[in-house]
1. Under a 1.4 Å probe, what is the accessible area of segment 95-137 per residue, stated in Å²?
2. With all protein chains present, how much of the accessible area of segment 24-137 (probe radius 1.4 Å) comes from carbon and sulfur, to the nearest whole percent?
3. What are the ³J(HN,Hα) values, in whole Hz, obtained from phi via the Karplus relation 6.51 cos²θ - 1.76 cosθ + 1.60 with θ = phi - 60°, for each residue of segment 76-87 in sequence order, with x given for Gly and Pro?
4. Return the sequence-ordered ³J(HN,Hα) values of segment 46-58 in whole Hz as given by the Karplus equation 6.51 cos²θ - 1.76 cosθ + 1.60 applied to θ = phi - 60°, using x for Gly and Pro.
5. Place a point 7 Å from Cα of S117 in the direction of its Cβ. Which residues in segment 63-86 have their backbone N less than 20 Å from it?
6. Per-residue HN-Hα couplings for segment 98-109, Karplus 6.51 cos²θ - 1.76 cosθ + 1.60 at θ = phi - 60°, whole Hz, x for Gly and Pro?
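The values are calculated or read from the model by the stated rules, or taken from the named source; none is laboratory data. Everything numeric in this text was worked out from a predicted model, so none of it was measured. Glycine also receives a Cβ, built like all others from the backbone with ideal geometry; neighbour counts cover every protein chain displayed. For accessibility, only protein heavy atoms count, side chains too; no ligands or nucleic acids. Shrake-Rupley method; radii C 1.70, N 1.55, O 1.52, S 1.80 Å.
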Amino acid sequence: MGPAACGFAPFGNVATAPCTPLCRRLGACSDIGVIANIEGDGAPIGACWMRLVPDGMGLAYINEHTPQLGIALLPSWQHKGYGKLMMLAALDAARQRGIKQVSLTVHPENPAAGMYSSCGFVQTGVRNSYLLMQVTL
């Protein structure tokens, strides 16, 4: 089954396990993003979301108008093209909501940094040894 069989649903009310502040209350009304499901299965395989956070919160904080992006994909679905499809769908959802730019941070040794670049993100700095990346929509 290839990436073409991956469907995306806009956020609803999604329950998540305790995690970092960026993914707490995943699907809150201010979040923008998508949940990826495999056609015929229905079980989520991942999510990509953006959230505006309070002043200075999070390594990727730029300003009050730039949401920070989070992405998670089950390990068995990684490195198969689903992450990029999910991120592009989430960025499109942000564009449709009038968002002008999005930021994220990634460890320099994380292979996902290449995928972020292929989605249009460019490195704009380093924060606490993490690459700060931004994309203009």
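1. 58
2. C and S fraction of accessible area: 55 percent.
3. 5, 10, 6, 6, 10, x, 6, x, 5, 4, 5, 5
4. x, 8, 9, 9, 10, 8, 7, 10, x, 2, x, 7, x
5. 69, 71, 79-86
6. Karplus-based 3J(HN,Hα) across segment 98-109 equals x, 6, 9, 8, 9, 10, 7, 10, 8, 5, x, 8 Hz.
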